[in-house]
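Take a look at the structure below.
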Amino acid sequence: INFRAKGMESALIAADIPVDNLEKYRRIALGIRELTHNFIRNHPRFNVWLVLKANSREELDRNIVELMKQVEARDYITLYSKKSLKLSVKYDIIRGISWSKNNDVPGKIPTADELGVSKEFLKALSLPFPITNRPFRDISEKFGYTEEELVDLIVELRRKHVIKDYGATLNGEKVGIKENGMLLFDTENLESACNEIALNLEEATHVVLRESDKKWDYLCYCMLHGK
């Protein structure tokens, strides 16, 4: 489920965390539900990169400050999600790379309130479904839909990009795609260049235009995966 449909804000945080505090950070991070894409990376300035979400920009900023204080980060930068240009985690398992056509994510994703559904309903849709002949039965009964109505609603939510890639997914690591690289770009016409990457770099899984809380030139972000 697109985080914006749940009324949430998201940011990529790059942090310089002392090596002696990395285990403490790992334990704290495991207890934060909205902390994802959490990696130690080879970078000359920041060794830990993570994504954090919250219900508002203010709450997000507070949570970042508190986390960085807990782990005694020497420095960090917050790169807020400004516009998602591509979100599609698919793999070419023959070539051993991430690969997908751009799914043309619109700039505005409708929220749960605008859709007339509850956040609890969207949260339920984001959880794994049982592998049964009628996987939608329990959730349809819980939220007062027939199974046919629920399937029709899922189709509509997917059309509006509230639901992204819906269905069975491959675990990349289990099919041998264990490496990933994060690319950050700086160009004169950043939004146009970032859009070109989303349209033409089929190996990219995430392409996001970002804005920073301090001086930082590299605001077009994308991810690549491979063996």
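None of the figures in this text is laboratory data; all of them are computed from the coordinates on show. Being a predicted model, the structure only gives us computed values, none of them experimental. Ideal geometry is used to build each Cβ from the backbone, glycine not excepted, and the neighbour counts take in all protein chains shown.
Below is a table of values for the structure above.
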| item | result |
| --- | --- |
| Positive-end residue of Pro110, Val65, Trp99, charge dipole of region 56-201 with Cβ unit charges | Trp99 |
| Loop chymotrypsin sites (Phe, Trp or Tyr not before Pro), region 179-227, which have at most 16 other Cβ atoms in a 10 Å radius of their Cβ (DSSP) | Trp216, Tyr218 |
| Nearest-20 debye value, region 112-159 charge dipole, Cβ charges on Lys, Arg, Asp, Glu | 240 |
| Distance (nanometres) between label positions extended 7 Å along Cα→Cβ at Val19 and Ile154 | 4.8 |
| Neighbour-count order for Leu115, Leu22, fewest beta carbons within 10 angstrom listed first | Leu22, Leu115 |
| Residue-span extension gain [Asp138 to Ile32] - 0.36 nm each, minus C-alpha spacing | 35.4 nm |
| Dipole-positive endmost among Leu190, Thr205, Thr132 within region 119-211 (Cβ charges, Cα centre) | Thr132 |
| Per-pair calculated FRET efficiency, R0 = 25 Å: Asp92 and Asp61 via Cβ, rounded to 0.05 | 0.05 |
| Cysteines (scope the chain) whose Cβ has no counterpart Cys Cβ under 4.7 Å | Cys222 |
| Descending semi-axes in whole angstrom, ellipsoid equivalent of region 112-159, from the Cα gyration tensor | 17, 12, 10 |
| Trp216 versus Leu170: modelled label distance in nm, points set 7 Å from Cα along the beta carbon direction | 3.1 |
| Listed candidates (i) 18.6, 54; (ii) 32.3, 136; (iii) 19.8, 64 - label of the one calculated as Rg and Dmax of the Cα atoms in Å | (i) |
| Förster radius 30 Å - calculated FRET efficiency between Ser126 and Ile40, Cβ distance, rounded to 0.05 | 0.65 |
| Magnitude of the charge dipole, the chain, Cβ model with Lys/Arg +1 and Asp/Glu -1, debye to 20 | 400 |
